[in-house]
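J.: Next up is a structure, given as structure tokens.
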Amino acid sequence: MTIIVASYITLIGLILGSFYNVVALRIPAGESLLRPPSHCPSCNTRLRSWDLIPVLSYSLNRGRCRYCGSRISPLYMLGEATTGLLFLWIYLQFGLTGKGIIGYLLVSLAVIVTVSDLKFMLIPDKVLLSFLPILATAVLFFPEGPLVSHLLGAAAGGGILLLLVLFGGMGMGDAKLMALLGLVLGFPNTILAFLLACVLGTVVGGTLLFTGKIQRKQHIPFGPWLAAGALLAFAYGSHLISGYLALIR
């Protein structure tokens, strides 16, 4: 039964991942989510149902449009595959529980933010405002500790990033995102999420710089690392913090 449910959850993640791509790529461009229907960005040919099978269609067409042969951004498959795998991960970690529900919502936000920030270097306010009441309601029903902890997490997350914005190191989108993530994670997991994001961003950014993929002083999006740090802190925060405290005693 677990295998069946896990497969179903993964399938839902793949399907939702396809929709999240639409949200992440259209909202920042000021486009409607419904019109026009899915189409090739190069030849504008309307895509058929068999062109929209998550991951499979992209793989079978080798990352190219079936009609004009132009290359399609790998972000499409990235969003679909990542959502499916992360939904599976959340299910294996928390099952169909209250924390699992928050986990699925957190993954959804993380995927949309990541695709949008990688493509446009932008975290849309519309996306954050859409998730705010949903996540706030979920936290009210399934809090991780006292509600004041979640409020402190929002204040700490938004406050830290706001200071960096004032010094020119971040964008306001990052600060708003971190405040929302802090509301979900609570305190002190918010601080852990930020530190993990810094480590991940430094490692990946340093690797890209060393390999010549980016140039010195070139801006790289930080939203994906905030999202990744938040997911890690959400799933393993208590273990990481207790392990660290045990080491320094």
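J.: How many of the residues in segment 1-29 are in a helix (DSSP H, G or I), farther than 15 Å from Val107 by Cβ and open to solvent by 40 Å² or more (accessible area, probe 1.4 Å)?
T.: Total satisfying the criteria: 5.
J.: Okay, next question. Give the residue, chosen from Leu128, Leu85, Leu96, that is free of Cβ contacts under 8 Å to residues at least 60 places away in the same chain, over 20 Å from Ser238 (Cβ atoms) and either open to solvent by less than 30 Å² (accessible area, probe 1.4 Å) or out of contact with any Lys or Arg (no Cβ under 6 Å at 6 or more places or on another chain) (or both).
T.: Selected residue: Leu128, the only one of Leu128, Leu85, Leu96 that is free of Cβ contacts under 8 Å to residues at least 60 places away in the same chain, over 20 Å from Ser238 (Cβ atoms) and either open to solvent by less than 30 Å² (accessible area, probe 1.4 Å) or out of contact with any Lys or Arg (no Cβ under 6 Å at 6 or more places or on another chain) (or both).
J.: Could you say which residue among Leu78, Leu34, Leu52 is modelled with pLDDT of 85 or more, out of contact with any Asp or Glu (no Cβ under 6 Å at 6 or more places or on another chain), open to solvent by 50 Å² or more (accessible area, probe 1.4 Å) and of a type outside the set (Gly, Ala, Ser)?
T.: Leu78 is the lone residue from the list that is modelled with pLDDT of 85 or more, out of contact with any Asp or Glu (no Cβ under 6 Å at 6 or more places or on another chain), open to solvent by 50 Å² or more (accessible area, probe 1.4 Å) and of a type outside the set (Gly, Ala, Ser).
J.: Out of all the residues in segment 210-231, which are touching a residue at least 40 places away in the same chain (Cβ under 8 Å) and of a type outside the set (Phe, Trp, Tyr)?
T.: The initial filter retains those residues of segment 210-231 that are touching a residue at least 40 places away in the same chain (Cβ under 8 Å), namely 219, 221-224, 226-228, 230-231.
Once the filter is applied, which keeps residues that are touching a residue at least 40 places away in the same chain (Cβ under 8 Å) and of a type outside the set (Phe, Trp, Tyr), segment 210-231 yields His219, Pro221, Gly223, Pro224, Leu226, Ala227, Ala228, Ala230, Leu231.
J.: Within the group Thr207, Thr114, which residue is among the hydroxyl-bearing types (Ser, Thr, Tyr) and within 22 Å of Tyr236 (Cβ to Cβ)? Don't jump to the end; show me each part of the working.
T.: On the way: Thr207 fails: within 22 Å of Tyr236 (Cβ to Cβ).
The match here is Thr114.
J.: Determine which member of the set Thr190, Thr211 is open to solvent by 70 Å² or more (accessible area, probe 1.4 Å) and of a type in the set (Val, Ile, Thr).
T.: None of the others qualify; the one that does is Thr211.
J.: Something else now. As an exercise: evaluate Asn61 against (1) farther than 22 Å from Leu106 by Cβ; (2) touching a Lys or Arg at 6+ places or on another chain (Cβ under 9 Å); (3) open to solvent by 30 Å² or more (accessible area, probe 1.4 Å) and give the number of the one condition it does not meet.
T.: With respect to (1) farther than 22 Å from Leu106 by Cβ; (2) touching a Lys or Arg at 6+ places or on another chain (Cβ under 9 Å); (3) open to solvent by 30 Å² or more (accessible area, probe 1.4 Å), Asn61 is out only on (2).
J.: How many of the residues in segment 199-249 are farther than 27 Å from Ile112 by Cβ and in contact with a Phe, Trp or Tyr (Cβ under 9 Å, 6 or more places away or on another chain)?
T.: 0
J.: May I ask you to verify whether Gly100 is more than 14 Å from the chain's Cα centre (by Cα), under 14 Å from Ala230 (Cβ atoms) and not hydroxyl-bearing (Ser, Thr, Tyr)?
T.: No, not satisfied.
J.: Assess whether Leu200 counts as being hydrophobic (A, V, I, L, M, F, W, C), touching a residue at least 24 places away in the same chain (Cβ under 8 Å) and open to solvent by 40 Å² or more (accessible area, probe 1.4 Å).
T.: Yes, satisfied.
J.: Right, something else. If you check Leu96, Leu34, Leu105, Leu88, which single one turns out to be in a helix (DSSP H, G or I), out of contact with any Gly (no Cβ under 8 Å at 6 or more places or on another chain) and of a type in the set (A, V, I, L, M, F, W, C)?
T.: Working: Leu96 fails: in a helix (DSSP H, G or I); Leu34 fails: in a helix (DSSP H, G or I); Leu88 fails: out of contact with any Gly (no Cβ under 8 Å at 6 or more places or on another chain).
It is Leu105.
J.: Examine segment 156-171 for a residue that is open to solvent by less than 40 Å² (accessible area, probe 1.4 Å) and part of a loop (DSSP other than H, G, I, E, B), and state whether such a residue exists.
T.: Of segment 156-171, the ones open to solvent by less than 40 Å² (accessible area, probe 1.4 Å) are 156-159, 161, 165, 171.
Pick out the ones that are also part of a loop (DSSP other than H, G, I, E, B) and you get 171.
Checking segment 156-171: at least one residue is open to solvent by less than 40 Å² (accessible area, probe 1.4 Å) and part of a loop (DSSP other than H, G, I, E, B).
The values are calculated or read from the model by the stated rules, or taken from the named source; none is laboratory data. As the structure is a computational prediction, the values presented were derived from the model and not from experiment. Cβ sites come from the backbone with ideal geometry, for glycine too, and all protein chains shown count toward neighbours. We work out accessible area using only protein heavy atoms, side chains counted, and drop any ligands, DNA or RNA first. Shrake-Rupley method; radii C 1.70, N 1.55, O 1.52, S 1.80 Å.
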